[in-house]
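I have placed the structure first, in the form of structure tokens, so that the comments after it can refer back to it.
The values are calculated or read from the model by the stated rules, or taken from the named source; none is laboratory data. This one's a predicted model, so the numbers in the text were calculated from it and none came from an experiment. Cβ sites come from the backbone with ideal geometry, for glycine too, and all protein chains shown count toward neighbours. Note: areas computed on protein heavy atoms with side chains; ligands, DNA, RNA excluded. Shrake-Rupley method; radii C 1.70, N 1.55, O 1.52, S 1.80 Å.
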Amino acid sequence: MDQSHIRNFCIIAHIDHGKSTLADRMMELTDTVAKRDMEAQLLDSMDIERERGITIKASAVRMFYTAQDGDQYMFNLIDTPGHVDFTYEVSRALKACEGAVLVVDATQGIEAQTLANVYLAIDNDLEVLPVINKIDLPSAEPERVMHEIEDVIGLPAEDAPRVSAKTGLNVEDVLAQIVERVPAPSGDPDGPTKALIFDCLYDNYKGALSYVRVFDGAIRPGMRIRSMATGHEFDVTEVGVFTPQWKTVDELTAGEVGYVAASIKSVEETKVGDTLTDVEHPAQEPLPGYMKVNPMVFCGIYPADGSHYGDLMEALEKLKLNDASLSFEKETSAALGYGFRCGFLGLLHMEIITERLEREFDLDLVTTSPSVVYRVKMMTGETLIIDNPASLPDPSEIDYMEEPMVKASIMTPPDFVGPIMELCQNNRGVFEHMDYIEKDRVKILYTLPLNEIIYDFFDSLKSRSRGYASFDYELKDYQKSDLVRLDFLLNGDMCDALSTIVHKDRAYPKGRAVCEKLKDVIPRQQFEIPVQAAIGGKIIARETVKAVRKDVLAKCYGGDISRKKKLLEKQKEGKKRMRQVGTVSVPSDAFMSVLRITDDRRLRPHPLLREEVRLLRFLLRAPRYDRGGVSRRPVPGDRAKPGSAALCGAGPFRFLWGRHPHGPAGERSGPHLEYDTQHLRGPLRRGDHRGVQPRHGVLRGLREAPRRGREPAVPGASIRQ
Amino acid sequence: MKLRAAGVNRLSLGLQSANDDLLKAVGRIHTYDQFLTAYRAARDAGFQNINVDLMHGLPGQTQADYLDTLQKVCDLGPEHISAYALILEDGTPLYKQVKAGETVLPDEDAVADMEDAGMAFLKQRGYERYEVSNFAKPGFACKHNLIYWDDAPYLGFGVAAHSSAPGEGEWLRWSNTESILEYLRKLKRGRLPTAETLHIDPREEMFEVVMLGLRKVKGIPRQAFLDRFGLSLEKAFPDAWLNVQANGWWSDDPARYALTEQGMDHLNTALCYFR
């Protein structure tokens, strides 16, 4: 197609601001996908992506749009991963576009993550088109958000389409603006071929595929191509596009986006960011920006049942086919046996991989506490790179250690600045800068050690800000730090899988917290078990797991022999799944306890949340009522007459059918609570609801409000009925 | 009276607790007074061998509660007392209440304390423990239940009755249908109303003998095991034998495979060694 009629763009949005929904509507409007075939949110094809509402792997969809002037345009929508761990992948996907649609939730405003990606897009000279989404929600404030976009990012947003991706309202305007404002590609169709790989995928039938954006020249089957960074050469067997199904085409020409299948064995041979060129007429220079991505977070992954080691290896190899950023090597642990030391781009990446291993490969896993990569300067002058606490040399041989630091930027409503700064300070953060970007939005910059944020920083941040703060980080440098290895002993035996490297000042509280946690998760055994934390042989904390006193079935007669045998079988099975550390049997999840040390404050539901649950339950059981002559059951979201019982959608809350904006993944239908963000900022106290302009009635049942100083719960908790 | 006259010589009454509030909490439909009436009626009818079922670890029960019940029951002087720790069975209303946090059970240690105190009390009152949860005055151990714990053959007749007997090269356990209509229909057609038959191979049978036999304070007579299976327990389960030994749970009596009191407290753990 003529380049002037091609538009390559991506969508930038914060998690849950509606990127995928908008993409779906675009595909519908361009007849790419018939409405009836629409499986909600087509772009996210992995289960986990769907459930978490995030995109893990980028993909691209080709659409044809007939503009008002009657001309047909080819749209290539390139999907970008939406998480901090995948910044490099995002930057490559952006590189493949000329424009970016910036989606901002009209009820939420701009988040740190969005901001980071917008800057990335601007750095890559992309035309950014702001779009204000979710204007159908009663709590939407498009005006405010428009000003926010103008003030914070500095983009004119007066003409920004105000859409509802959910209902399809005004989505047409977005398409029209893409034609008008996104520049057409301007490569040289006859020059030497240059194609940027912005993603890789492994397909069981086609082998390793590269998603490319052709800048100059063309790629067609039969061509011999070279990957310019790795030097590998391949024969192109097929080129095609996603519509979003596979569709082969004759060639991909300058300006187009699609996939290339060649005799590529693994995704490692073609790396994201690399440039493909024609071997016969090679380009002089690759496209700029190629980088090798290094894992930042490591952890040990072991099969819960040692005999599944082979299965685990096979599963990791399969995942690796699709994910070049995953690294793993064999490792053995005294407590856990044979397993793998795996490297990840970040914590989320780690969670996704472990979850996929468990879900897609049906494996039970034990993961050890994550570690970052430390630099250890030895007395001998040598530098060691340590990603496993177990391999840390004896302290007497170490001159000093260095740890990776990150630059963290946090955006939050001003009410939470205090608690958030306290959190950063507690995590050894160094304050850098604070900016009031608007009267109710603050950007805080901190330098933090990566090792502090890989544990529970994100969760704590969410809980301290009631879910409103957003967070982004980038790796800064290595700094000298006073680090020690914290070991844990069970009945006197050291458990290598629990060892972790921490800052000296954090060792004592951490040791105590982990011991307390272990005391709870290690089941009582026949003998008393001392649980100790130690630094280099010095015990710094101790707890005791009391001995079990009775472990016997009280009753067993003729009729229930088989049943009692099954119970024993179950008990035996439970024991088998436990790991033996010296004399102590430890359940698999105990090894995660080092990781999951966090304020229990976040576990305590906010009293209002409980109230919501109560009201929702009440509503769902409410009798039918007469509405416009029709007898019907009240549903969440119904307006009701003042004073009546169904008035639960009121004040800061509303009940809706559909997905909860902060809810855990997977919930797509059923009643949910929606928060009116305006009114839920800052601790709510008795009587607060009085100032709230009722949108759907009055808030009833608000009997007990939390007092100041009490930590609220994350509004992520969903209500399932 | 009729039962006694028909030849029934032992009666078992399920009291569980002498505290009416506790009875209510676990959904029992009787009171302590009603039990007393029944107990006296049984004695009047001439029953010389009566068992009373008791429980500890009930929701809200304290050690004082439990000892009070034991005191009252011992004062009545039944020949046999079964004292069970509450088992929270999956699917029961109580199970649901506990899972939902509506009902709180005494913790592990409190239950163990009750059990220990109860056993000491019963011993002092002349009830001898002969099985995990069963106590009797000398000579009044339940002959019926001992058959189960010896894994000896028994035949059950009637709807839903269980039987257990040796077959050819295997042990058989079968049960009758639970439907009275099917029971009638089958018998009228001259067929056995068997619902399910389990074929237990000698290895399983050995395990069952261990599982049931070790419940008894006196355990399994060495000779009996040898006669039944042609090899000793040490040979049949060498690893388990050593594991139990390492815990110091075998009693000293060389003529029997029996557990010490501590071993009986950990019977499940011990049995897991045999699987």
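At-a-glance table
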read-out: Accessible-area value, B:Thr260, 1.4 Å probe, nucleic acids and ligands omitted, Å²; value: 40 Å²
read-out: Within a Gaussian network of chain B (alpha carbon springs, distance under 10 Å), most fluctuating of B:Val98, B:Val132, B:Val244; value: B:Val98
read-out: All aspartates and glutamates inside 19 Å of A:Lys439 as judged from Cα atoms, apart from same-chain residues fewer than 8 positions distant; value: A:Asp105, A:Glu111, A:Glu141, A:Glu143, A:Glu148, A:Glu150, A:Asp151, A:Asp415, A:Asp676
read-out: Cut-off under 5 Å, modelled amide H: who pairs with A:Gln479 long-range; value: A:Glu403, A:Met405
read-out: Candidate lysines for bridging to A:Lys330, where Cα separation is under 21 Å - those fewer than 8 sequence places away on the same chain excluded; value: A:Lys318, A:Lys320
read-out: Cα-based equivalent ellipsoid, the stretch A:318-448: semi-axes from gyration tensor eigenvalues, Å; value: 34, 25, 13
read-out: Distance (nanometres) between label positions extended 7 Å along Cα→Cβ at B:Lys72 and A:Ser396; value: 7.0 nm
read-out: Rounded if a/c under 1.5, otherwise prolate or oblate - the stretch B:129-231, Cα gyration tensor axes; value: oblate
read-out: Principal axis dimensions, largest first and in whole angstrom, of the stretch B:1-141 by Cα; value: 48, 30, 24
read-out: Buried area at the B-A interface (accessible, heavy atoms, 1.4 Å probe, summed, Å²); value: 3100 Å²
read-out: Distance in nm between pseudo-label sites at B:Asp201 and A:Asp305 (7 Å out along the Cβ direction from Cα); value: 2.0 nm
read-out: Highest average packing first - B:182-191, A:485-494, Cβ atoms within 10 Å; value: A:485-494, B:182-191
read-out: Heavy-atom accessible surface of chain B: percent carbon and sulfur, 1.4 Å; value: 54 percent
read-out: Nearest-10 value in Å² for the accessible area of A:Lys265, using the 1.4 Å probe; value: 150 Å²
read-out: Translational diffusion of the stretch B:1-40, µm² s⁻¹ [Kirkwood Rh, Cα pairs; Stokes-Einstein; 37 °C; 0.692 mPa s]; value: 288 µm²/s
read-out: Amide H within-cut-off set for A:His232, under 5 Å, with H built and near neighbours excluded; value: A:Ser227
read-out: Protection proxy ranking of B:195-202, B:108-115 - average other beta-carbon atoms within 10 Å, highest first; value: B:108-115, B:195-202
read-out: Entries in A:Lys519/B:Lys24; A:Lys575/B:Lys216; A:Lys271/A:Lys462; A:Lys134/A:Lys476; A:Lys546/B:Lys137 that, when Cα-Cα distance is taken, lie over 30 Å; value: A:Lys519/B:Lys24; A:Lys271/A:Lys462; A:Lys134/A:Lys476; A:Lys546/B:Lys137
read-out: For peptides A:270-280, A:438-448, A:306-316, sequence by mean Cβ density within 10 Å, most packed first; value: A:270-280, A:438-448, A:306-316
read-out: For the stretch B:259-275, residues shielded by at least 40 square angstrom of accessible area compared with the chain on its own, probe 1.4 Å; value: B:Asp265, B:His266, B:Asn268, B:Thr269, B:Cys272, B:Arg275
read-out: Residue-averaged beta-carbon neighbours from other chains (10 angstrom radius) around A:139-151; value: 0
read-out: For the stretch B:1-104: accessible area per residue (Å², 1.4 Å); value: 51 Å²
read-out: Apportionment of accessible area to carbon and sulfur, the stretch A:141-217, percent (1.4 Å); value: 47 percent
read-out: Shielding by other protein chains, A:544-550, mean Cβ within 10 Å; value: 5
read-out: Distant-in-sequence amide H partners of A:Leu102 (H built 1.01 Å from N, under 5 Å); value: A:Ile12, A:Leu129, A:Val131
read-out: Shielding by other protein chains, B:194-201, mean Cβ within 10 Å; value: 1
read-out: Chain B: mean projected area of Cα convex hull, nm²; value: 17.5 nm²
read-out: Too-long pairs where the Cα-Cα distance tops 20 Å, listed order kept, from A:Lys377/A:Lys538; A:Lys576/B:Lys235; A:Lys19/A:Lys166; A:Lys576/B:Lys218; value: A:Lys377/A:Lys538; A:Lys576/B:Lys235; A:Lys576/B:Lys218
read-out: Dimensionless Rg/Rh of the stretch A:455-507 - Kirkwood Rh, Rg from C-alpha atoms; value: 1.12
read-out: Rounded, prolate or oblate (a/c below 1.5 giving rounded, otherwise prolate when a/b exceeds b/c) for the stretch A:266-387 by Cα gyration tensor; value: oblate
